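One structure is given below, encoded as structure tokens.
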Amino acid sequence: MGILDIFFRNKSKDVAKQRLTMVLAYERRGLAPNFIESLRDDLIAVFSKYYQFDVNNIEVELKKENSAEELWISIPLKNN
């Protein structure tokens, strides 16, 4: 942590605002609040059958850019 990180770190109000925005996005789309976690768990179960995938680093996010929302999934390959 550098000296300037004090000025640029997320404040609790910003984190709370981001979480509330995500909850509202889920409700508008008719998604359960734990949708992302459930989807991630399902992906881990499926991809853990294949040794090529790094299931510990699977990422699932609901992103909003401009006026579009997208489901973003990252399933990395293991380094061999």
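Read-outs throughout are calculated quantities, based only on the coordinates presented, and are distinct from any laboratory measurement. These numbers come from a predicted model, not from an experiment.
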Extended-chain gain in nm, criterion 0.36 nm per residue less alpha-carbon gap, D41 and E65: 6.1 nm
Amide H contacts under 5 Å for F53, placed H, 5+ residues apart: K78
